[in-house]
Amino acid sequence: MKIYYKYIDLWRSIFEKSVKRVVWQGEWLDNSFCAVCQHCCGPQDEEEPFPMALLPSQLHPGLEDDFYLLDPETACLDRRGCKALSTNGCRLPRASRPFACGLFPLVLANGCLYLYSICPATLYIPLTEWIGVAEQAGEWLSCLPATDLRRISLDISAETLADRYIFLHIRLF
Ligand code: SF4
Ligand code: SF4
């Protein structure tokens, strides 16, 4: 997994001395690594786009001005990055962003919560702390209507999950 070690070396050089904190803020994850890292919103290394489902309440005319779209209800991140990224970070209000943006590196996939293993916050924050944060996120997610929850849950293959994600043993459906 060459890409994994590439990022471990990068994160070591950037984050060794920085503040390391993740806090669940009721509806989104406050992650002290993101402002410096910004990897999620920029151009991706992967060939395959990362899907970011939108709820019906987030759809509006001109959606294609905010996001690259996989389909009319699914934004995506790919080698071009995200259209909503500005020089001052994300230009969208939090309510307009895909749910995935407020959760990452927690990822809802196949009805369960996972942790994306390459994120620097995953590497530096102990798993015991992550499980506490994920439980809070899971409680909040479980209050969403079942159709919304299923809509924002990604379909990720068992092979990719094994390669890039840490299973947190929190099942939502
Ligand atoms: S990879 Fe992790 S730290 Fe970097 S922007 Fe994404 S969530 Fe934030
Ligand atoms: S919508 Fe905003 S937070 Fe989400 S990937 Fe795009 S720029 Fe980043």
Give the aspartates and glutamates whose C-alpha is closer than 19 Å to that of residue 2, dropping any in the same chain fewer than 8 places away, or say none.
45, 46, 47, 48, 159, 163
Sort 69-76, 9-16 by packing, meaning the average of other beta carbons within 10 Å per residue, with the highest value first.
69-76, 9-16
Whole Å is fine, so just give me how far the alpha carbon centre of the stretch 137-154 lies from that of the stretch 57-90.
21 Å
Can you report the principal axis dimensions of the stretch 93-172 using only the alpha carbons, biggest first, rounded to whole angstrom?
31, 26, 23
Can you figure out the FRET efficiency of residue 47 with residue 13, using R₀ = 35 Å and their beta-carbon distance, to the nearest 0.05?
0.85
If I model a spin label as a point 7 Å beyond the Cα along the Cα-Cβ vector, how far apart are those points for residue 30 and residue 6 in nm?
3.4 nm
If the elastic network links every pair of Cα atoms under 10 Å, which of 100, 158, 137 fluctuates the most in the Gaussian network model of the chain?
158
Can you tell me which aspartates and glutamates have their Cα less than 12 Å from the Cα of residue 83? Leave out same-chain residues fewer than eight positions away.
64, 65, 66
The Kirkwood hydrodynamic radius of the stretch 71-134, taken as the inverse of the mean 1/r over all distinct Cα pairs, in Å, comes to 13.6 Å
How large is the convex hull of the Cα atoms of the chain per residue, expressed in Å³ as a whole number?
119 Å³
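A short reminder: the numbers here are calculations on the coordinates, not readings from a lab. What you see is a predicted model; the values in this text were computed from it and never measured. With ideal geometry, Cβ positions are generated from the backbone for all residues, glycine too; neighbour counts draw on all protein chains shown.
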